[in-house]
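Below is one structure, written out as structure tokens, with a few remarks after it.
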Amino acid sequence: MKKIITFVLFVFCANCLTAQFGINAGFRSNGENKWEKYFPNQDFLKSGYKVGIDYWFRLKNKRVEFTPELAFSQFTSENIYSEILPPLDVVSVKSQIYSLYLNTNIYFLDLANDCNCPTWSKQSDFFKKGIFIQLSPGFNYFQYSLKNYQGHIEKANDFVFSLGVGLGLDIGISNMITFTPMVAYHQYFNATWDGLSKSSITGIEIKDASESTNLGQFHVGLRIGVRLDQQNYGFR
């Protein structure tokens, strides 16, 4: 899996050298989920980070733009234990997510504009031309791991479908560069952590707890967009 992602990233980045692309980073927080019952009263995978790279293109006659994205997220909790079956010596819990997001940005206040130029080159009606709603279906590869004091690690993985909705605002720096702050919510459906209920590390079996859960994530981040196809690189 990692080799495939590395190859796709190489091809993706090579193409970006003469195209329109973006890089982004942000913080994420997980909502309530069924896995928390295995670790009550703990800070269980509550917050993490996300980084990504995307490719930009748009419709010809409407302000609908697309930024398919490859992304990586990680959540880690240290010194986790359970009060259900003490003493439990779990040291760390980790979740890593490799994602392909099919982002669609809809500039709902400027939808009829057919200008085939970067958003940030438009100098009037800043808010009207820059704000957009983002719809983001995604395909995700989850990796989970538990590690105890003795260094024993248990791992699991799963493929998960997600849907996201967000709000962004393009802030033009030049014809070449734009900053886009973003807020978003992503819902991951039926994420399954195989073996969690029978883990030799946790030693816990809970009748009303499930290895599968829907998982909501809140996201706050910043995207930097670059247009290498622009002839005028000067700052306005």
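The values are calculated or read from the model by the stated rules, or taken from the named source; none is laboratory data. No experiment lies behind these values; they were computed from the predicted model shown. A quick note on method: Cβ atoms are made from the backbone with ideal geometry, for glycine too, and the neighbour counts reach across all protein chains shown. Heads up: the accessible areas ignore ligands, DNA and RNA and are worked out on the full protein's heavy atoms, side chains in. Shrake-Rupley method; radii C 1.70, N 1.55, O 1.52, S 1.80 Å.
Which pairs have Cβ atoms under 9 Å, sit 6 or more apart or on different chains, and link a residue in region 140-167 that is at positive phi to one that is not aromatic (Phe, Trp, Tyr)?
Gly151/Val91
Name the pairs: first residue in region 218-232 and in a loop (DSSP other than H, G, I, E, B), second residue modelled with pLDDT under 95 and β-branched (Val, Ile, Thr), Cβ to Cβ under 6 Å, at least 6 apart or on different chains?
Hits for this filter: Leu228/Thr18.
Looking only at region 64-92, which residues are at pLDDT below 90 and open to solvent by less than 60 Å² (accessible area, probe 1.4 Å)? I'd like the intermediate steps shown before the answer.
We begin by selecting, within region 64-92, every residue at pLDDT below 90; these are 77-92.
Residues satisfying the conditions are Ser77, Ile80, Ser82, Leu88, Asp89, Val90, Val91, Ser92.
Mind listing whichever residues of region 96-130 are of a type in the set (A, V, I, L, M, F, W, C), open to solvent by 20 Å² or more (accessible area, probe 1.4 Å) and modelled with pLDDT of 90 or more?
Across region 96-130, the qualifying residues are Leu100, Leu102, Ile106, Phe108, Leu109.
Of all residues being modelled with pLDDT of 90 or more, more than 18 Å from Phe44 (Cα to Cα) and aromatic (Phe, Trp, Tyr) in region 184-236, which is farthest from the chain's Cα centre (by Cα)? Just the residue, please.
Across region 184-236, the extreme among qualifying residues is Phe189.
Which residue pairs have Cβ atoms under 8 Å apart, sit 6 or more places apart or on different chains, and have a first residue in region 48-77 that is without any contact (Cβ under 8 Å) to a residue 12 or more places away in the chain and a second that is among the charged types (D, E, K, R) and in a strand (DSSP E or B)?
Every condition considered, the pairs that remain are Leu59/Glu65.
Provide a single number: the residues in region 33-46 that are under 16 Å from Ser145 (Cα atoms) and of a type outside the set (Asp, Glu).
Going through region 33-46 one residue at a time, the tally reaches 6.
Can you tell me which residue within region 46-62, out of those that are open to solvent by less than 50 Å² (accessible area, probe 1.4 Å) and at pLDDT 90 or above, is nearest to Ser92 (Cα to Cα)?
Looking at the filtered set, the residue picked out is Gly48.
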